[in-house]
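The values are calculated or read from the model by the stated rules, or taken from the named source; none is laboratory data. Bear in mind that the values here come from a model prediction, so they are computed numbers and not experimental data. For neighbour counting, all protein chains shown are included, and Cβ atoms are generated from backbone atoms with ideal geometry for every residue, glycine included.
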Amino acid sequence: MAALLAVLYREGKIRFTNLVWMFFDLFYPLLYFLLFGVMMDYTFGSPLAALGVDYTAFFLAGVLGMAGFGIATNTAWGFFFDRDNGIFYEMLTYPMSRAQFLLGKVVFNLLLAVAQAALTVGLGVLLLHVPVKLERLPLLLAAVVGGAAGWFFFFAIFALKIRRNDLFNTVVNVFYFVFLFASSMFYPLEPLPGWFRAAAQLNPLTWHVDVLRFATIGVGDPWRILLEAAAFVVFSLAAFAYAVRTLQRQE
């Protein structure tokens, strides 16, 4: 426990002394929600026919998924910062396991994700009157925590294996483009071509966003959501196992 708290404390010191990171972690997704969501809702002018909700309500889950995705990439990028100043290799000699080192980072990642989700959902309800189902808040909390952890472990693999910062940023941008736009984040999948739906349904971000959407506004088939949640758990566990294995090979 002491090792986890030490890593958690260090992550907090780094993050809270960098206001740019804090802005992108906490407020950028919220601004995206308020501007893009309202604009698209005004453009459509009526509820989404297939779902019976307006675009702002539909997009809330997408923003929460985007935030978890972004916080995870920022936290994973911290491995480059640690390598550049030498603290990464020094920390590998400390009396803690590699798994504890990784878990300490992800705990801070989860705290940020929960704070960001609370801010976005709270203002979405107060300002945009999104009909969030309060009885499903425990499910929403689990989806936010599980999603943020899974994406951090996934991106940690690449941050640990790649030595060049520019190459890592290129990989992240490719994933960002593919995962975000080939998913259910911005639009319902039902009206789209079959090949696009098939690709999106294999996308872990679709699984995550669908669970978030079910937890916030109740949209989605419960059995399908359960299957997607289970698939994302498997994805997260596999990413964690491989991230720990990659970290153990660091010298």
Exercise. Name the helices (runs of 4 or more DSSP H) wholly within region 24-94 that hold at least 3 residues that are at pLDDT 65 or above and of a type in the set (A, V, I, L, M, F, W, C)?
Worked result: 38-44, 55-85
Seminar exercise, completed: When (1) of a type outside the set (S, T, N, Q); (2) part of a helix (DSSP H, G or I); (3) at positive phi are applied to Ala243, the one that fails is (3)
For this session: Working only within region 102-131, note down all residues that are closer than 11 Å to Leu64 by Cβ and buried (at least 19 other Cβ atoms within 10 Å of the Cβ).
Result: Ala113, Gln116, Ala117, Thr120, Val121, Gly124
Problem set entry | Residue that is modelled with pLDDT of 85 or more, aliphatic (A, V, I, L, M), under 15 Å from Ala148 (Cα atoms) and in contact with a Leu (Cβ under 8 Å, 6 or more places away or on another chain), where the choices are Leu212, Leu237 | Leu212
Problem set entry | Filtered residues of region 171-185 (kept if over 15 Å from the mean Cα position of the chain (by Cα) and not in a helix (DSSP H, G or I)) | Ala182
Exercise. For Phe168, are the conditions met, namely being over 27 Å from Ala142 (Cβ atoms) and in a helix (DSSP H, G or I)?
Worked result: yes
Seminar exercise, completed: Those residues of region 197-239 which are at negative phi, in contact (Cβ under 8 Å) with a residue 60 or more places away in the chain and either in contact with a strand residue (DSSP E or B) (Cβ under 8 Å, 6 or more places away or on another chain) or not in a helix (DSSP H, G or I) (or both) amount to Ile217, Val219
Exercise. Identify, please: which residue in region 135-165 is among the charged types (D, E, K, R) and in a helix (DSSP H, G or I) and is, among those, nearest to the chain's Cα centre (by Cα)?
Worked result: Arg136
For this session: May I ask you to list pairs of residues, at least six apart or on different chains, whose Cβ atoms are under 8 Å apart, with the first in region 109-134 being outside any helix (DSSP H, G or I) and the second being hydroxyl-bearing (Ser, Thr, Tyr)?
Result: Val130/Thr56; Val130/Thr216; Val132/Thr216; Lys133/Thr216
Exercise. Quick check: anything in region 240-250 surrounded by fewer than 19 Cβ atoms within 10 Å (Cβ to Cβ), in contact (Cβ under 8 Å) with a residue 12 or more places away in the chain and over 27 Å from Leu160 (Cβ atoms)?
Worked result: no
